[in-house]
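Worksheet: the structure to be examined is printed underneath.
The values are calculated or read from the model by the stated rules, or taken from the named source; none is laboratory data. As the structure is a computational prediction, the values presented were derived from the model and not from experiment. Virtual Cβ from ideal backbone geometry, glycine too; neighbours counted across all protein chains shown. Ligands, DNA and RNA are excluded from the accessible area calculation, which covers all protein heavy atoms including side chains. Shrake-Rupley method; radii C 1.70, N 1.55, O 1.52, S 1.80 Å.
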Amino acid sequence: MKKITLLLLLVLSQSIFAQTKLTETQKLAATCKVWGYLKYYHPKVADGSKNWDNQLFDVLGKVEQANTKEEFSLVLENWIDSLGEVNEIAPIILPKEIDFFDKNFDLSWINNNKLFSATLSKKLKFIENNRFQGEQNYVGQHKAENIFIKNENYSGFQFNNKKTTILALFTYWNLIEYFFPYKYLMDQKWDTTLDEMLPVFIEVKNEDAFFTVMQKLTVKLNDTHGVFYNNTKTHRYFLPVNCKIIDYKIIVTEILADSLAKADDIKIGDVITKVNDKTIKEIIIENRDLINGSNEAAYLENLLLPTLTGFTENIKLEFFKDGKYITKIINRYDYDVSHSNKHKKTIKKEKFKILENNIGYVDMGTLTVKDVPDMIESLKLAKAIVFDMRNYPQGTYLHISNFLNSKEKDFAIFTIPVLNYPGRFKWSRLYMCGSENINNYKGKVVVLLNEKSVSHSEFSAMCFQTADNTTIVGSQTAGADGNISLFDPIKDLLTAFSGLGVYYPDRRETQRIGIIPDIEVKPTTLGIQQGKDEVLDRALQFIEIGK
């Protein structure tokens, strides 16, 4: 009986030990959160008085040796104690006039009793209540109030060093954790992404592998602004055409260099069915974790560049022409050569003009502020004006809205990161456009949008929607509004993300959704082959018949 009892106790003790033994991913994920939290919250860390990167390197070895929750917690407690005493201050009273936006804010991990001892959780909570209230050492705010990064310099970054690649992940993950306004809109929880990416970052052995895992990490933001560039590989070769993906095929939509396209017998409306022996559907599927995009329309648009450009001077394409499939090796060129049509001085794109039936048309991608008075004078008697924003406008929206609107109106509100309470955001004041103007434009206003409409284009469209008689025609926009925050502490590597949350005045979201058209219309392969602009045609039809 004694032997049985001892055996049961042994089995029970082993079972308890197995339950409390922490995995490497559990320990590193928790260390990441504590390291980032202390970086922005601890009064003797957030002030920049510590070499915080070296502090991480020092503690990682101790974390690796810890096996149980108790051992792990003791490592972190001793580390926190070594930073110096946190003075208890008077309760931090949050200003009543601040309207907080807290969908991103979550410090509940502090009380995770599966990872942290009660003592450690208490220390972390005490730091929150007595958090740093001075000027943050590692982040600041632009005039527009999105963040910029300070005092981060990884000039000696080693791509084959486990500690430095962990540092890169920890730094980026915490930037997003505390300062990305749309964290709550990601497809996957940011905590889950950390757990998934940790083993991948640990296995990085060279610069190319690091570039790939950073790409995969930024794609998890589901943010069209959430890009990652490797500036050491900037010399790409281009096809002399622009294209669009329709129904799992790539359609040529524009010729950018007449002679080059003619040499390879490429025409507008040509249908590309394979690229380097892969179908377009295969390319779409296999790149989902490498190409960013707030929504499907943005993803497909962003997929075109890496699919059709490259670091070699030719590409293998399969075309469907005249009822049969033809495979050809097509030449690619330096950008200035492949886009020579855009550089010809004889080609001048009209910034605004009068179409048939007294309808005005404005190319918002080329119209500048200084052009607005002439545009207004030329188009003020038109029965309708089409503002084409399937491009990137030039900061003209406020000037034009004074012409379109009969009075000043709210059109947007932001969420702004709060630096003295990291992770929290606050609602901004309402942004206004238009002015009191009894002589405002009285005709129909039509705005054309598509997946190329991103950020400032979407913001401009929100402004134009306040006009008295506006209709949006086109398709889903890129779904990434707001200023961009850049981060480039590693030489030749640059990443960015949306820095402000942008909403309608009633606080409806624009991120990932984009600007929803009143009349949805997308180009078709047949329409492109026939030389039609089906979006503009539909807008003109609406102007004439009212539906």
## Note on the structure
When the range 174-194 is checked residue by residue, the ones that are among the hydroxyl-bearing types (S, T, Y), touching a residue at least 60 places away in the same chain (Cβ under 8 Å) and surrounded by fewer than 19 Cβ atoms within 10 Å (Cβ to Cβ) are Y184
### Message
Can you tell me which of (1) within 30 Å of T396 (Cα to Cα); (2) under 29 Å from the mean Cα position of the chain (by Cα); (3) charged (D, E, K, R) is the one K349 doesn't meet?
### Response
(2)
### Task
Sort out which residues of the range 393-404 are in contact with a Ser or Thr (Cβ under 6 Å, 6 or more places away or on another chain) and either closer than 19 Å to K353 by Cβ or open to solvent by 50 Å² or more (accessible area, probe 1.4 Å) (or both), and write them in order of number.
P393, Q394, N402
### Query
In the range 77-88, is there at least one residue being modelled with pLDDT of 95 or more, part of a helix (DSSP H, G or I) and more than 20 Å from L22 (Cβ to Cβ)?
yes
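Residue-wise test of (1) among the aliphatic types (A, V, I, L, M); (2) in contact with a Pro (Cβ under 7 Å, 6 or more places away or on another chain); (3) within 27 Å of A144 (Cβ to Cβ).
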site: S428; (1), (2), (3): no, no, yes
site: S435; (1), (2), (3): no, no, yes
site: V446; (1), (2), (3): yes, no, no
site: E458; (1), (2), (3): no, no, yes
site: M462; (1), (2), (3): yes, no, yes
site: D468; (1), (2), (3): no, no, no
site: G474; (1), (2), (3): no, yes, no
site: N483; (1), (2), (3): no, no, yes
### Query
Which residue pairs have Cβ atoms closer than 9 Å, lie 6 or more positions apart in sequence or on different chains, and pair a first residue in the range 281-307 that is over 21 Å from K522 (Cβ atoms) and of a type in the set (D, E, K, R) with a second residue that is at pLDDT 95 or above and not in a helix (DSSP H, G or I)?
E282/K274; E286/K278; D289/K220
## Note on the structure
Of the residues in the range 134-143, those that are in contact (Cβ under 8 Å) with a residue 24 or more places away in the chain, out of contact with any Ser or Thr (no Cβ under 9 Å at 6 or more places or on another chain) and loosely packed, with under 13 Cβ neighbours inside 10 Å number 1
### Query
Looking only at helices (runs of 4 or more DSSP H) that fall completely inside the range 336-416, which ones have 2 or more residues that are in contact (Cβ under 8 Å) with a residue 40 or more places away in the chain and hydroxyl-bearing (S, T, Y)?
397-404
### Message
Of the residues L526, L500, L494, only one is under 30 Å from N206 (Cβ atoms) and not charged (D, E, K, R); which?
### Response
L494
### Message
modelled with pLDDT of 95 or more and open to solvent by 10 Å² or more (accessible area, probe 1.4 Å): is that true of P505 in this structure?
### Response
yes
### Query
What's the number of the condition A118 fails, among (1) loosely packed, with under 13 Cβ neighbours inside 10 Å; (2) hydrophobic (A, V, I, L, M, F, W, C); (3) at pLDDT below 95?
(3)
### Query
Out of the residues in the range 64-87 that are more than 21 Å from N112 (Cα to Cα) and of a type in the set (G, A, S), which is most open to solvent (accessible area, probe 1.4 Å)?
S82
### Message
Checking the conditions here, which among K370, K407, K383, K345 is open to solvent by 70 Å² or more (accessible area, probe 1.4 Å) and either within 30 Å of L239 (Cβ to Cβ) or at pLDDT below 95 (or both)?
### Response
K345
### Task
Inspect the range 88-102 for any residue being touching a Lys or Arg at 6+ places or on another chain (Cβ under 7 Å), open to solvent by 30 Å² or more (accessible area, probe 1.4 Å), aliphatic (A, V, I, L, M) and in contact (Cβ under 8 Å) with a residue 40 or more places away in the chain and give the result as yes or no.
yes
